[in-house]
Amino acid sequence: MVEEEIKGILGAAYPIKGRLTSDLPRTGELNPDCVAKALGISSECSFQEAENVVPRRPQLCPGCGHRDVYQALNEVVAEYPEARVFGDIGCYTLGALPPFQTLSSCIDMGASITMAKGAADAGLFPAIAVIGDSTFTHSGMTGLLDAVNENSNITVIISDNLTTAMTGGQDSAGTNKFESICLGLGVNPDHVKVVTPIPANIPAIKELIREEINYPGVSVIIPRRECMQTIKRKKK
Ligand SMILES: Cc1ncc(C[n+]2csc(CCOP(=O)(O)OP(=O)(O)O)c2C)c(N)n1
Ligand code: SF4
């Protein structure tokens, strides 16, 4: 850890403020507020809000396919009071915030599937994981293999926007390979389904989610539609 190393080099004569001294929070990301507080610039926040900008929460872009996934999922999940949707890291994490508030957890890349598996194995029903295409190839595949090996009762939604959107629209390692990957990991071919998340398809997507939730094993739904931002960039 950088803080420990610097302490070691400089010795006790130089006070080092950081996570070890609790001047910064032990966990979580550094943001301007907590750095300003650690520097003693402010007790709360040193940044003045711009007068002509109305603060608002981050949101999925208009027309984003993740929106249609969450709308369908929310309507189905409302039918199951015990349902939990385990989230992951990417643009679709914004599904934790209003207006959707679909996701119950977001821990680290790939954790949605392993958390859903653990919850399902402990008796939770339905246990649903939502993971992006890039996150799935980063570290979701291993959890899916575990779930297949133990026939856990989970429904995995790989929300495939054909890119790594959150970090700027880089290529995604598994593009065009997701169905084969899931089959290769042993998911039953009858329970690997691809849909196009557009508003007109929401009723059909809801029906599919219901069916797959009620399949007692691992099922994978792949809503696939390109990110609006990469489409825009290509047009330019
Ligand atoms: C271990 C780790 N590596 C890298 C990142 C940076 N990162 C944040 S989201 C993301 C990928 C998101 O892509 P995807 O799952 O396809 O979702 P999208 O943003 O396209 O909806 C990455 C690489 C991270 N959060 N954690
Ligand atoms: S950048 Fe793409 S994936 Fe992210 S919210 Fe916007 S449209 Fe959706």
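What figure in square angstrom, to the nearest 10, would you give for the accessible area of V53 with a 1.4 Å probe?
90 Å²
Give the peptides 228-235, 84-91, 205-212 in descending order of average Cβ contacts within 10 Å, highest first.
84-91, 205-212, 228-235
Under 8 Å for C-alpha pairs, at least 6 residues apart: give me the relative contact order for the chain, rounded to a whole percent.
The value is 17 percent.
Return the sequence-ordered ³J(HN,Hα) values of region 14-21 in whole Hz as given by the Karplus equation 6.51 cos²θ - 1.76 cosθ + 1.60 applied to θ = phi - 60°, using x for Gly and Pro.
10, x, 10, 8, x, 5, 5, 9
Need the C-alpha centroid separation for region 130-176 versus region 79-108, integer Å.
15 Å
Just to be sure I follow the rule: in the chain, considering lysines 8 or more places apart or on different chains, how many pairs have Cα atoms under 16 Å apart?
Here the count comes out as 4.
If packing is taken as the average number of other Cβ atoms within 10 Å across a peptide's residues, how do 95-104, 119-128 rank, most packed first?
The densest-packed peptide leads the list: 119-128, 95-104.
What value, in deg cm²/dmol to 500, does the helix sum -39500 (n - 2.57) over DSSP H runs of n ≥ 4 give at 222 nm once divided by the residues of the chain?
-9500 deg cm²/dmol
Take peptides 11-18, 106-113, 175-182 and line them up by average Cβ neighbours within 10 Å, highest first, as a rough protection proxy.
Result, highest mean first: 106-113, 175-182, 11-18.
Given labels modelled 7 Å from the Cα in the Cβ direction, how far is it in nm from N188 to L30?
5.0 nm
Multiplying the sequence separation of L39 and N201 by 0.36 nm and subtracting their Cα-Cα distance, what value in nm do you get?
53.2 nm
Between R57 and Q170, what is 0.36 nm times their sequence separation minus the Cα-Cα distance? Round to one decimal in nm.
Fully extending the segment from R57 to Q170 adds 38.2 nm.
Given a Förster distance of 41 angstrom, what is the FRET efficiency for E79 paired with K236, based on the Cβ-Cβ distance and rounded to 0.05?
0.45
The values are calculated or read from the model by the stated rules, or taken from the named source; none is laboratory data. This structure is a prediction, so every number in the text was calculated from the model and none was measured. All Cβ positions, even for glycine, are placed from backbone atoms using ideal geometry, and neighbour counts span all protein chains on display. Note: areas computed on protein heavy atoms with side chains; ligands, DNA, RNA excluded. Shrake-Rupley method; radii C 1.70, N 1.55, O 1.52, S 1.80 Å.
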